[in-house]
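A.B. asks: One structure is given below, represented as structure tokens, and several questions about it will come after.
The values are calculated or read from the model by the stated rules, or taken from the named source; none is laboratory data. Only a predicted model underlies this, so the values are computations on that prediction, with no experimental measurement involved. Every residue, glycine among them, receives a Cβ derived from its backbone with ideal geometry; neighbour counts consider all protein chains shown. Keep in mind that these areas ignore ligands, DNA and RNA; they rest on the heavy atoms of the full protein, side chains included. Shrake-Rupley method; radii C 1.70, N 1.55, O 1.52, S 1.80 Å.
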Amino acid sequence: MRNQKQKIYITLIVGVTIFLSILSILLISLFNSQSNKEYAIEDIEIANISVNSVDVFWKGFSDDDGFRVLYKEKSSTGAYKEITTENVYLDSIYTEGFLFNTPLNNLNSSTEYVLEIWDGDLRIFEDEFITRDVADQVDLPSPISGESFMGDWMIISDNLNTYIIRADFEGRWSIDKNLLNDNYTVEIYSSSTVLEDNPIESFLIGSVSASEEANCDQITYSGVESAVKSSASAVQSALSRNASDTQYQTCYQDVYCESQKAGVNPRWALAIWMNESNASSYSLTGADFGGTCCAPDYNFQAQLGFFLSLSQDPCGCGSGCSKEEYYCCWANNYYYGTKSKTCDSVSKAYIQSVSFYYFLTTNSILPSDFDTLLSKLPKPIKSTGNSNISCGATNPIEVYNNGGDVPDNGDDNDNSNTGGICCALKISNKDDFTGDYESTSSKTCSQIWIEGKSVYGGTLQYSVELSSINDRSSCEKTWSGVCCEDSGELEWVPSTTCSNKVTEYDTYSQCINASGKETTVTIDLEKGYNFIGLNASDSSNPLLASKVLENSSIILVASFKDGEWNNIMYREDGEIKGSDFELTKGNGYLLTTTSDIEFTYSGKSLVNYEWGTSTGWQFVSTGVLEPYSYTKSIVLSFDEVDINQIALWDQDLGRFVYYIYDLQGDEYGDSVKIGNTQGVFVKID
């Protein structure tokens with residue numbers, strides 16, 4: 001019996017020991033797994049190294065929000081400079097992952113730097129890099145290109161250089177071959193394209209019904225913005241690269257009309273539709289507007305009605321939040337169902353993702369910087385609608401309401417107008433606005449107040465709705481005006497409606513004049529290379545390289561920055577190649593033509609140019625160098641930046657000619673007069 005008990009005890013001891021060992025291994029494995037997921041980042045790339053900037057890319061997890069990039073010159077004994085990552089993108093080829101991009105600017109050329117990446121208090125990466133030397137001369141571009149999927153990030157590298165660039169809406173990309181050795185590789189670094197194993201898609205997808213048509217009203221609506229209408233075919237083509245059954249062209253005018261009727265920004269509604277379902281691509285998902293929670297799938301009208309019913313201001317911000325707080329709260333609410341004015345990586349990436357499609361609606365370019373992106377988004381997303389707008393036969397909000405109750409979308413602080421509308425009136429010869437309350441909910445301020453009307457001792461110039469004011473006593477007072485850049489252009493608006501105030505212009509006249517005057521410019525282009533300067537542009541209808549290439553005589557458009565041809569789009573064998581980009585005033589561009597032609601563009605004239613801290617070769621319009629027009633006077637007298645060399649293209653010689661004035665006072669080259677439509681290469685110390 002004792003021996004039997006001993007055997008039992010020994011067996012129990014061995015069993016318990018094995019169990020504890022296995023448990024400890026599992027716990028250690030679990031801890032390591034969680035620890036790795038919390039701190040691990042992958043595919044780190046120090047890319048796009050130029051004379052004074054570099055981009056740092058990596059892949060990380062959605063629950064990592066403490067990333068910081070630290071850097072300094074290797075020879076420096078001072079403190080590190082620190083940057084918190086702002087640019088975050090969804091990455092569908094990295095499970096539960098995101099692409100992080102941190103640009104480092106204002107670096108010195110030919111300088112070695114030390115770089116570290118931290119996650120909270122843990123250093124997880126360190127490396128070194130050297131910025132490029134400033135070249136002695138400017139070279140012509142030699143483009144190479146390829147195609148991928150819409151919005152993919154491409155990595156092009158040789159044994160010394162790495163470049164990461166984003167494909168455009170058509171999946172096209174290009175780069176200057178001069179930046180690479182003869183042997184280079186091209187791969188997809190990151191993709192936001194919906195894939196079968198994409199965790200974001202698994203949240204959206206229901207049953208597949210690829211052949212089903214969306215039950216939208218197929219209407220023609222005259223109120224569609226011209227840039228949206230003219231881009232519809234290109235948008236359809238771009239979305240078709242994700243899924244061929246996209247229904248954008250069939251239904252986009254219905255979305256636009258019903259959104260405008262409900263007071264929702266129509267381009268934002270279109271962006272949500274594209275982001276959530278690739279514009280009703282039922283081979284991907286049945287939740288047209290992402291409303292799986294609250295509206296039936298494969299029911300376009302109910303899904304649209306759900307989206308339009310939301311307040312789009314879940315934190316009740318009104319004018320009391322910054323642009324970032326407003327959009328972070330919106331993203332957190334629409335994605336998570338929570339109310340927080342602070343973005344995490346997921347909500348920030350969600351804003352980036354929706355914004356990608358917001359800019360696609362007009363075939364314009366998504367800003368790469370998060371703060372710049374926010375400045376160009378609408379605020380508020382929803383204001384007072386107009387029930388007098390006539391759309392299709394179906395009322396999507398009624399369809400949605402008939403299918404269930406309106407969900408709690410976090411709108412505990414409903415500040416919408418219930419009995420009337422508050423309009424801030426801009427009267428001639430006054431910098432302040434006059435508040436006027438009207439007891440109507442069926443008209444907008446612009447419908448009530450007609451420009452040119454004599455009112456309040458002057459002439460009405462325009463009106464602005466104050467959507468957060470819903471009673472007469474709060475409305476009818478004087479509202480101070482401010483110069484604002486929320487829309488990407490300078491506007492004079494009531495201060496309570498502006499997030500991005502431009503304080504250097506404190507009167508209406510200064511603000512409006514600073515934004516430039518409408519002008520049309522015509523340039524005579526000669527067969528071959530033409531280096532032009534853009535002296536006007538229109539942010540509401542941007543001039544894109546693809547638009548320039550619609551002229552069959554123009555075969556290449558290229559921009560230049562920091563000593564490199566950073567954007568190239570061209571025609572080869574009848575096919576357009578390279579990534580699309582926007583041409584903006586103040587910068588120089590190369591246009592290559594097959595014959596002598598006239599090139600005409602319009603927009604608001606150049607007023608101010610931001611030089612920043614760039615050094616090395618830059619390509620600018622002569623307009624930014626005024627009042628100087630001779631190469632010698634520019635080098636000797638222009639004082640906004642220190643220019644020591646100028647390069648101009650000589651059409652007759654077929655090469656660049658240079659003017660140099662060095663520190664010893666030695667002068668090289670002839671001083672020549674520069675034309676007012678010319679592009680000029682300047683070398684900055």
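A.B. asks: Give me the one-decimal nm value for the distance between modelled label points at SER454 and SER539, 7 Å along each residue's Cα-to-Cβ direction.
C.D. replies: Result: 3.6 nm between the two label points.
A.B. asks: Of LYS376/LYS426; LYS348/LYS382; LYS501/LYS561; LYS561/LYS673; LYS81/LYS585; LYS59/LYS229, which ones are farther than 25 Å apart at the Cα? Mind showing how you got there, number by number?
C.D. replies: On the way: LYS376/LYS426 23 Å; LYS348/LYS382 20 Å; LYS501/LYS561 28 Å; LYS561/LYS673 23 Å; LYS81/LYS585 32 Å; LYS59/LYS229 37 Å.
Cα-Cα > 25 Å for LYS501/LYS561; LYS81/LYS585; LYS59/LYS229; rest within.
A.B. asks: Using only the C-alpha atoms of region 621-685, find the volume of their convex hull and express it per residue in Å³.
C.D. replies: Working: hull volume 5.2 nm³, N = 65.
Given the Cα convex hull of region 621-685, per-residue volume reads 80 Å³.
A.B. asks: Using a 7 Å offset from the Cα along the Cα-to-Cβ direction at both GLU42 and ASN108, what is the distance between the two label points in nm, to one decimal?
C.D. replies: 3.8 nm
A.B. asks: Charges at C-beta only: +1 for Lys and Arg, -1 for Asp and Glu. How large is the resulting dipole of the chain about its Cα centre, in Debye rounded to 20?
C.D. replies: On the way: 44 positive and 96 negative charges, 258 e Å.
Computed charge dipole of the chain: roughly 1240 debye.
A.B. asks: Which FRET efficiency value, to the nearest 0.05, is calculated for ASP596 and SER368 with the Förster distance at 51 angstrom and r the Cβ-Cβ distance?
C.D. replies: Between ASP596 and SER368 the formula returns 0.90.
A.B. asks: Quick one: 3J(HN,Hα) in Hz for region 558-569, Karplus 6.51/-1.76/1.60 with θ = phi - 60°, rounded, Gly and Pro as x.
C.D. replies: Taking θ as phi minus 60°, the curve returns 9, 10, 9, 7, 6, x, 9, 7, 8, 9, 9, 10 Hz for region 558-569.
A.B. asks: Where the Cα atoms of region 210-367 are projected onto their three principal axes, how long is each span, largest first, in whole Å?
C.D. replies: 41, 32, 29
A.B. asks: If you average over every viewing direction, what projected area does the convex hull of the Cα atoms of region 419-558 give, in nm²? Mind dumping the intermediate values first?
C.D. replies: Working: hull surface 46.3 nm².
Computed as one quarter of the Cα hull surface, the answer is 11.6 nm².
A.B. asks: Another question, if that's okay. To the nearest 0.05, what FRET efficiency results for ASN386 and SER629 with a Förster distance of 41 Å applied to their C-beta separation? Could you put the intermediate results ahead of the total?
C.D. replies: Details: r = 51 Å, r/R0 = 1.24.
For ASN386 and SER629, the calculated efficiency is 0.20.
A.B. asks: May I ask which residue of GLN678, SER280, TYR658 lies farthest towards the positive end of the charge dipole of the chain, with charges of +1 (Lys, Arg) and -1 (Asp, Glu) on Cβ and the Cα centre as origin?
C.D. replies: The Cα lying farthest towards the positive end belongs to SER280.
A.B. asks: On the principal axes of its Cα set, how long, how wide and how thick is region 109-182? Give whole Å, largest value first.
C.D. replies: Extents along the principal axes, in whole Å: 41, 36, 19.
A.B. asks: Rounded to the nearest 0.05, what FRET efficiency is calculated for SER480 and GLU575 with R0 set to 51 Å and r the Cβ-Cβ distance? Write down the numbers at each step before the final one.
C.D. replies: Working: r = 54 Å, r/R0 = 1.07.
Calculated value: 0.40.
A.B. asks: Could you list which residues have their amide H under 5 Å from that of THR459, counting only those 5 or more apart in sequence or on another chain, with H placed in the peptide plane?
C.D. replies: Result for THR459 returns SER428.
A.B. asks: Binned at 5 Å from 0, what are the whole-percent values of the Cα-Cα distance distribution for region 541-685, short to long?
C.D. replies: P(r) for region 541-685, in whole percents per bin: 2, 9, 18, 21, 19, 15, 9, 5, 2, 0, 0.
A.B. asks: Right, something else. Evaluate Rg over Rh across region 480-596, taking Cα atoms for both radii and Kirkwood's formula for Rh.
C.D. replies: Values: Rg = 17.9 Å, Rh = 16.3 Å.
Expressed as Rg/Rh, it is 1.10.
A.B. asks: I've got another one for you. For region 305-389, place one equal point scatterer on every Cα, skip the solvent, and apply the Debye formula. What is log10 of I(q)/I(0) at q = 0.12, 0.21, 0.22 Å⁻¹?
C.D. replies: Values, matching the q order: -0.36, -1.07, -1.15.
A.B. asks: Lys and Arg at +1, Asp and Glu at -1: add these up for the other residues within a Cβ distance under 13 Å of TYR256 and post the number.
C.D. replies: Spelling it out: positives minus negatives among the neighbours equals -1.
A.B. asks: Using the alpha carbons of the chain, what is the convex hull volume per residue in cubic angstrom, as a whole number? Numbers along the way, then the final one.
C.D. replies: On the way: hull volume 158.2 nm³, N = 685.
So the per-residue Cα hull volume is 231 Å³.
A.B. asks: How much of the accessible area of the chain, probe 1.4 Å, is carbon plus sulfur, in whole percent? Display every interim value, and only then the final one.
C.D. replies: Details: 14450 of 31140 Å².
Heavy-atom surface of the chain belonging to carbon and sulfur, 1.4 Å probe: 46 percent.
A.B. asks: Where the convex hull is taken over the Cα atoms of region 485-551, what is its projected area averaged over directions, in nm²?
C.D. replies: Working: hull surface 25.1 nm².
The orientation-averaged projected area of the Cα hull of region 485-551 comes to 6.3 nm².
A.B. asks: Per DSSP H run of n ≥ 4, the term is -39500 (n - 2.57); total these for the chain, divide by its residue number, and report the mean residue ellipticity at 222 nm rounded to 500 deg cm²/dmol.
C.D. replies: -7000 deg cm²/dmol
A.B. asks: Cα centroid distance between region 333-355 and region 657-671, in Å?
C.D. replies: Cα centroid of region 333-355 versus Cα centroid of region 657-671: 54 Å apart.
A.B. asks: Sticking with this structure for a sec: With the dipole of the chain worked out from charges on the C-beta (+1 for Lys and Arg, -1 for Asp and Glu) around the Cα centre, which of THR361, ILE397, TYR71 lies farthest toward the positive end?
C.D. replies: ILE397
A.B. asks: Can you compute the modelled spin-label distance between SER76 and SER473, with each label point 7 Å from Cα toward Cβ, in nm?
C.D. replies: Label-label distance for SER76 and SER473, simple model: 5.7 nm.
A.B. asks: Given the Cα atoms of region 50-180, and with Rh set as the inverse mean 1/r over their pairs in the Kirkwood sense, what is Rg to Rh to two decimals? Don't skip to the end; give the middle numbers.
C.D. replies: Values: Rg = 16.5 Å, Rh = 16.6 Å.
Ratio of gyration radius to Kirkwood radius for region 50-180: 0.99.
A.B. asks: Separate question: Give, rounded to the nearest 20 debye, the magnitude of the charge dipole that region 205-275 has about its Cα centre when Lys and Arg contribute +1 at Cβ and Asp and Glu contribute -1 at Cβ. Please report the intermediate quantities before stating the final value.
C.D. replies: Values: 4 positive and 7 negative charges, 59 e Å.
So the magnitude is around 280 debye.
A.B. asks: Okay, next question. Considering only SER226, SER559, SER145, whose Cα is most displaced toward the positive end of the charge dipole of the chain, charges sitting on Cβ of Lys, Arg (+1) and Asp, Glu (-1)?
C.D. replies: SER226
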